[in-house]
Amino acid sequence: MLQKLFTFHGGVKPDSRKDASTCRPIRPLAMPAELVVPLHQSIGGTPRPLVRVGDRVLKGERIGAAEGPVSAAVHAPTSGTVKAVEERTMPHPSGLPASCVVIETDGEDRWIEREPVPWKSMKGDELRDFLRDAGIVGLGGATFPSHIKLRPATAPTHTLVLNGAECEPFITCDDMLMRERADEIVRGAGIMARMLAVERVLIGIEDNKPEAIAAMRAAVDGDIQVVAIPTLYPAGGEKQLLRVLTGVEVAAGRRPLDFGLQCFNVGTAYRVARAIDHAEPLISRIVTVAGNVEEPGNFEVLVGTPIDELLKAGRPRADTDRVLMGGPMMGFALPTTAAPVVKATNCVLAGSPSLLPPPPPEMACIRCGTCADHCPADLQPFELYWFGRSHNFGKAQEYHLFDCIECGCCSYVCPSHIPLVDYFRFTKSEIWARERERAAADIARERFEARNDRQEREKREKAERLAAKADATRKKLAETGAGDGAPPSPAEEAKKALIAAALERAKQQKSSVKARNTENLPADKQAEIDEIEARRARSERRTVEPPEPS
Amino acid sequence: MSHSPYLRESRTVQQIMLHVLLALLPGIAAYVWQFGPGILIQLLLASVTALAAEAVMLKLRGKPLGLYLRDLSAIVTAWLIALSLPPIGPWWMIVLATLCAIVVAKHLYGGLGQNPFNPAMVAFCVMIVAFPALMSQWPAAGLDPPQQIDLILGGERPLDAITAATPLDALRTGLRTGGEDARVAEITQGPAFGLIGGSGWEWVVAGFAAGGLYLLWRRIIGWQLPAAFLVTMALTALLLWGMHPARFASPLLHLASGGTVLAAFFIITDPVSGSTTPRGKLVFAGGAAFIAYMIRSFGNYPDGIAFAVLLMNICVPLIDMYTQPPVFGHKRGSS
């Protein structure tokens with residue numbers, strides 16, 4: 001059956017340069033001496049560490065438990081000893097550190113005890129919790145916890161899409177995975193299809209990967225269909241792929257699920273199959289090493305492996321001047337290659353001045369509109385650029401800045417070499433910063449107003465109370481004055497005694513409650529406290545004594 | 001440190017401009033063949049003036065000289081001015097026009113990418129308002145090269161002997177002097193007219209059309225601007241010609257004479273001062289063609305393209321604002 005295909009606007013066709021890394025099969029990597037496993041490896045909450053320094057861990061043992069509604073667990077990628085739980089530099093453009101579990105490997109690679117998962121008899125929530133605890137996240141780059149995407153929506157989901165487009169130049173990890181492990185990808189697709197109760201599964205692969213398409217076609221049967229799509233960057237963008245395969249344009253701010261669609265990377269499907277069939281949590285992934293290296297290829301890499309060691313396996317050339325994580329279109333230069341491989345690492349790309357030449361000098365925008373011709377989000381990048389430059393942030397939002405997916409097509413084609421995406425990132429972060437500032441100012445204003453209201457109210461209530469009390473006293477005095485010389489009744493005497501006793505009790509209770517952190521204070525603090533105490537005692541005396549009748 | 005994307009397509013502003021210059025060559029060749037080498041001198045004068053003015057202005061504005069001088073945008077402007085002005089105009093006229101374009105219309109508005117008006121058309125308008133007589137002196141076919149050079153260098157201008165009316169001029173004059181009895185069909189039998197357009201000019205127009213197709217083929221320009229311009233010009237002409245063929249020239253004559261083809265492929269396609277959205281381009285080009293036709297047929301100038309382009313330049317921000325294409329995820333039926 002021929003699948004009718006649709007198109008998205010724009011796109012570019014950079015030289016794919018994938019051949020170099022697909023001529024060798026996926027290779028294992030030598031066991032590193034130390035693994036640095038970041039706790040935060042998915043969108044959402046940072047898992048809480050389950051191990052302490054000195055603990056022995058086994059391969060596949062959970063070392064971080066999912067925290068919050070959106071989160072996924074992390075696991076020890078091999079057996080060894082926890083050397084530290086500390087902050088290490090992340091593979092992120094910021095170069096900021098984050099909490100990691102550092103494991104000294106013991107070389108035994110001993111698995112934790114595993115049992116097959118009776119997934120067919122498990123309830124939906126049970127199975128989803130299992131996937132969450134197996135640390136399954138989207139391997140296409142966004143690392144969104146997969147179990148959340150596998151919760152059926154209120155409207156039925158009819159189509160499951162597997163993303164095997166892999167449109168970025170150089171990257172071939174999905175390509176090689178599909179060539180070598182097609183059966184398990186299909187198996188994972190079947191499991192996810194059943195969880196979502198979909199009618200059909202479409203696997204979209206760019207037509208520059210004939211071997212992968214053939215391998216996948218040989219592996220599928222039934223309602224699963226492998227579709228070759230035209231090679232056009234960014235066909236692997238989720239919304240672009242859904243558009244190409246189904247014709248549905250997922251509206252801004254909505255999820256594919258709202259349209260009866262769901263989309264996963266082929267690598268994610270593979271990990272789902274591994275988790276269900278082998279109780280194997282997400283502890284390794286395929287990573288492409290490419291670019292300025294002697295031996296480009298794909299490696300099965302344990303999460304937490306220092307990127308250095310992975311890069312060494314590809315034998316980088318001497319003139320390598322930087323290392324990117326991800327592809328040349330959307331990847332970023334690593335602040336340090338000491339950072340670990342994480343679940344999101346699909347490619348480590350060695351760059352050189354000739355391979356990734358420095359951008360030519362930026363010139364003035366001539367409004368040629370080439371960027372708009374190639375924008376897959378149908379934006380007018382040059383307009384956004386003008387608005388961003390002139391800090392006209394309202395206009396930038398009006399022209400849908402936040403629909404920009406930062407694919408880089410505009411910068412790629414700009415004849416004036418304007419780093420348009422950089423401008424958009426800047427404009428977005430400026431707008432976010434302003435929103436945060438405004439939100440903070442709003443909260444401060446609300447608190448200030450609430451405080452004012454409260455003070456007003458308290459003042460009013462106090463005045464009312466005092467007035468009422470004075471009234472009562474006056475009435476009482478008038479009464480006692482009227483019954484001149486009459487002794488207080490025994491009932492009244494008893495009541496007074498009761499009140500006195502209660503007051504005494506309260507006083508004792510108050511003095512028995514002591515403030516904390518009041519020992520070993522410096523002299524000036526002690527003096528301050530004494531003074532406050534004295535003031536409090538004075539004021540207490542005043543309030544305990546009944547007010548003088550006016 | 002630079003950020004993604006780390007790859008770039010190799011096309012540059014300079015290459016785009018170079019393609020435009022290349023595309024002008026067939027038209028220029030036909031020009032020289034039909035009307036002699038005067039145009040080459042004008043092109044040279046305009047180019048030198050443009051580069052000098054560009055250099056001085058860049059220096060004054062503190063911009064990197066080498067980077068922007070090499071972008072060839074000033075040369076494109078210069079050539080378009082030279083091709084719009086009479087080839088036997090005195091040297092100072094082309095120099096003045098070029099200065100007008102580069103200094104005033106381009107750099108005083110902020111340089112490359114910032115000018116709201118098409119610089120070449122600004123220059124043309126200033127010249128036709130300031131020197132209407134000189135601007136109407138076009139060479140007759142077969143004028144000697146030495147005589148042409150003499151005229152450009154400021155020699156005596158024994159006009160009737162050497163100049164000829166352009167077809168649009170001849171048409172206008174014919175209709176005006178002939179009064180009610182004048183017939184387009186009779187006028188176009190005159191020496192100024194060739195097979196479909198102006199005598200000799202037909203070849204130049206054909207050359208520009210060939211260059212325009214080259215630009216389309218190389219995707220330097222999109223189809224919207226030239227198509228909308230030519231179609232609107234043809235349809236407007238067809239309408240009036242159909243109603244009153246004796247008083248209005250045929251669509252073919254309008255397409256093949258004056259600056260119609262040059263404007264369609266080379267002038268309204270200036271990205272800086274034109275509309276940028278796909279629908280906006282149709283409006284912009286259609287509007288320019290319509291106004292140009294009206295000025296040609298009812299106004300006081302032989303050709304109205306320059307004024308039409310400037311008038312439409314003013315409308316560009318408005319056109320662009322109302323013709324923004326729908327953004328992915330915001331289209332009808334997707335919400």
Q | Amide H partners (placed H, <5 Å) of A:ILE229, local residues excluded | A | A:ILE205, A:GLU206, A:ASP207
Q. Scaled to the compact-protein estimate 2.2 N^0.38 Å, what is the alpha-carbon radius of gyration of segment B:88-154, rounded to two decimal places?
A. 1.31
Q. When the scattering of segment B:1-124 is computed by the Debye formula from its Cα atoms alone, each counted once and equally, what is log10 I(q)/I(0) at q = 0.10, 0.13, 0.17, 0.20 Å⁻¹?
A. -0.34, -0.54, -0.85, -1.10
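Would you mind giving the three semi-axes, in whole Å and largest first, of the ellipsoid equivalent to chain B according to its Cα gyration tensor?
Numbers: eigenvalues 224, 145, 56 Å².
Its equivalent ellipsoid spans semi-axes of 33, 27, 17 Å.
Over all pairs of distinct alpha carbons, what does the Kirkwood formula give as the hydrodynamic radius of the protein assembly as shown, in Å?
Values: mean 1/r = 0.0295 Å⁻¹.
With all distinct Cα pairs of the protein assembly as shown included, I get 33.9 Å.
How high is the relative contact order of chain A, in percent, with contacts defined as C-alpha pairs under 8 Å that are six or more residues apart?
On the way: 1025 pairs, mean separation 82.4, N = 550.
Contact order relative to length: 15 percent.
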(Q) Given the -39500 (n - 2.57) contribution per DSSP H run of 4+ residues, what per-residue ellipticity at 222 nm results for chain A, rounded to the nearest 500 deg cm²/dmol? (A) -12500 deg cm²/dmol
Q: Give me the aspartates and glutamates in straight-line cross-link reach of A:LYS495: C-alpha distance below 16 Å, same-chain residues under 8 apart excluded.
A: A:GLU504
Q: Grab the DSSP H runs of chain B that are 4 residues or longer, score each as -39,500 (n - 2.57), total them, divide by all residues and round the 222 nm result to the nearest 500 deg cm²/dmol.
A: -18500 deg cm²/dmol
Q) If you keep only loop residues by DSSP, which GluC sites (Glu not before Pro) in segment B:90-191 have at most 11 other Cβ atoms within 10 Å of their Cβ? A) B:GLU156
Q) Cα centroid distance between segment A:60-107 and segment B:47-78, in Å? A) 57 Å
Q: Mind listing the long-range amide H neighbours of A:VAL161? Cut-off is under 5 Å, sequence gap 5 or more, other chains count too, H placed in the peptide plane at 1.01 Å from N.
A: A:LEU202, A:GLN262, A:CYS263, A:PHE264
Q: Pull up all non-local amide H partners of A:ARG48: gap of 5 or more, or a different chain, and H-to-H distance under 5 Å with H placed in the peptide plane.
A: A:ALA65, A:GLU67
Q | Cross-link partners of B:LYS63 among lysines (Cα-Cα below 24 Å; sequence separation of 8 or more within a chain) | A | B:LYS106
**Q.** Principal-axis tilt of helix A:124-133 within chain A, Cα atoms, nearest 10 degrees
**A.** 80 degrees
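Over its Cα atoms, what ratio of radius of gyration to 2.2 N^0.38 Å does segment B:229-301 give? Could the numbers behind the result be given before it?
Details: Rg = 12.5 Å, N = 73, 2.2 N^0.38 = 11.2 Å.
Taking the Cα Rg and dividing by 2.2 N^0.38 Å, one obtains 1.12.
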Q. How big is segment B:189-329 on each of its three principal axes, counting only the C-alpha atoms and giving the largest first in Å?
A. 58, 32, 23
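Pick out, in residue order, every one of the GluC sites (Glu not before Pro) in segment A:220-317 that is DSSP loop and has at most 12 other C-beta atoms within 10 Å; say none if there are none.
Working: sites: A:GLU238, A:GLU249, A:GLU294, A:GLU300, A:GLU309; in loops: A:GLU249, A:GLU294.
Here the sparse-neighbourhood loop sites are A:GLU294.
Beyond 31 Å between alpha-carbons counts as too far, so tell me which of A:LYS4/A:LYS395; A:LYS83/A:LYS239; A:LYS469/A:LYS507; A:LYS83/A:LYS149 fall in that bin.
Details: A:LYS4/A:LYS395 38 Å; A:LYS83/A:LYS239 42 Å; A:LYS469/A:LYS507 22 Å; A:LYS83/A:LYS149 35 Å.
Violating the 31 Å Cα-Cα cut-off are A:LYS4/A:LYS395; A:LYS83/A:LYS239; A:LYS83/A:LYS149.
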Q | Cα centroid separation, segment B:82-127 to segment B:194-233 (Å) | A | 22 Å
Q) In whole Hz, what ³J(HN,Hα) sequence does segment A:156-168 give by Karplus (6.51, -1.76, 1.60; θ = phi - 60°), x for Gly and Pro? A) x, 8, 9, 10, 9, 10, 9, 9, x, 5, 6, 8, 6
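For segment A:89-127, which GluC sites (Glu not before Pro) are in a loop by DSSP, counting at most 15 other Cβ atoms within 10 Å? Write out the running numbers ahead of the final one.
Details: sites: A:GLU104, A:GLU108, A:GLU113, A:GLU126; in loops: A:GLU108, A:GLU113.
In loop regions of segment A:89-127 (DSSP not H, G, I, E or B), the sparsely surrounded GluC sites (Glu not before Pro) are A:GLU108, A:GLU113.
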(Q) Once you compute Rg and the Kirkwood Rh from C-alpha atoms, what is the Rg to Rh ratio for segment A:361-464? (A) 1.36
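Read-outs throughout are calculated quantities, based only on the coordinates presented, and are distinct from any laboratory measurement. Since the model is a prediction, treat every value here as computed from it, not as a measurement. Reconstructed Cβ throughout: ideal geometry from the backbone, glycine too, with neighbour counts over all protein chains shown.
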